[in-house]
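What follows is one structure encoded as C-alpha cells, with my remarks underneath.
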C-alpha cells in the first residue's frame, strides 16, 4: 500500500512547482520582449543612418582602364618643335551627389631638377611656373570644376608642348642645349616627370529658398 505524504508537504510541493513554472514563463516573456525591442531599435537606427548617407562614387579612368588618384607623367624627350604630349583622364560620377574636381602637383622633375610644393611654393604656384617660366609649356586643365550626377564626359588634360619658335631665341637656345646635355649625360632618363594628384570632393548641399 502506497504511503501518502502529509497534506501540508503536498501543498508546499504544488506551490513550488507552480511558482517555478510561472518564473520560467516570466523569464521567457522578458527575453522575447527584450529581443524584439532591440530588433526594433536596431532597425530604426540603421534606417535612420542610411537615410542620411548618400552614395559617393567618382571613378577616374584612362582610356578604358580604371586609374588611381595619382597620375604619373613621363616625357622621354623635350625639344623645340616636338609633338605635343597629351594625356587625358576621364572622370565619371557614379554617385548621387555632384562632385568638385581639383588637382595638386605632388612633384615635377625637369632635366634632373625636382620641384615640390612647400612653404615657399604652393601647388598652384608650381603649376603657374610650369606653364609660364619655360619655352616648353606644361599645362593641366579641367573641362569643368563640378561634375554632375551621372556625368561621364568630364576630364583632366595634361599636356607638354614646345613650339619650334617660342618667340625668344636666347631662351630656346639655352633650354635646347640644356635638354641635349642632360640626354647625353643621362641617356636612360626622361626629360620631364611629374606626379599629379587628382581630387574629387563631394559638393556641399545648400538649402534652396531659405
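Once the piece of chain linking residue 106 and residue 173 is laid out straight, how much longer is it, given 0.36 nm per residue of separation minus the C-alpha distance between them?
21.2 nm
For segment 140-210, calculate the relative contact order in percent as a whole number, restricting contacts to Cα pairs under 8 Å that are 6 or more residues apart.
For segment 140-210, the relative contact order is 17 percent.
Shape verdict for segment 120-185, please, from the Cα gyration tensor: rounded (a/c under 1.5), prolate (a/b greater than b/c) or oblate.
Prolate shape, in that a/c is at least 1.5 and a/b is the bigger ratio.
Residues in segment 89-129 near a label at residue 185, defined as backbone nitrogen under 18 Å from the 7 Å Cα→Cβ point?
109-115
Return one quarter of the surface area of the convex hull spanned by the alpha-carbon atoms of segment 58-202, equal to its mean projected area, in nm².
9.6
Two decimals is fine: what's Rg over Rh for segment 107-158, C-alpha atoms, Kirkwood radius as Rh?
Checking Rg against Rh, the ratio lands at 1.09.
Using Cα centres only, tell me the gap between segment 106-136 and segment 161-189 in whole Å.
17
With each label point set 7 Å from Cα along the Cα-Cβ vector, what nm distance links residue 96 and residue 143?
According to this spin-label approximation, the distance is 2.6 nm.
Every read-out reported here was derived from the displayed coordinates using simple, explicitly stated rules and does not represent laboratory data. Keep in mind that what you see is a predicted model, and the values were worked out from it rather than measured. Methodologically, a virtual Cβ is constructed for each residue, glycine included, from the backbone with ideal geometry; neighbour enumeration extends over all protein chains shown.
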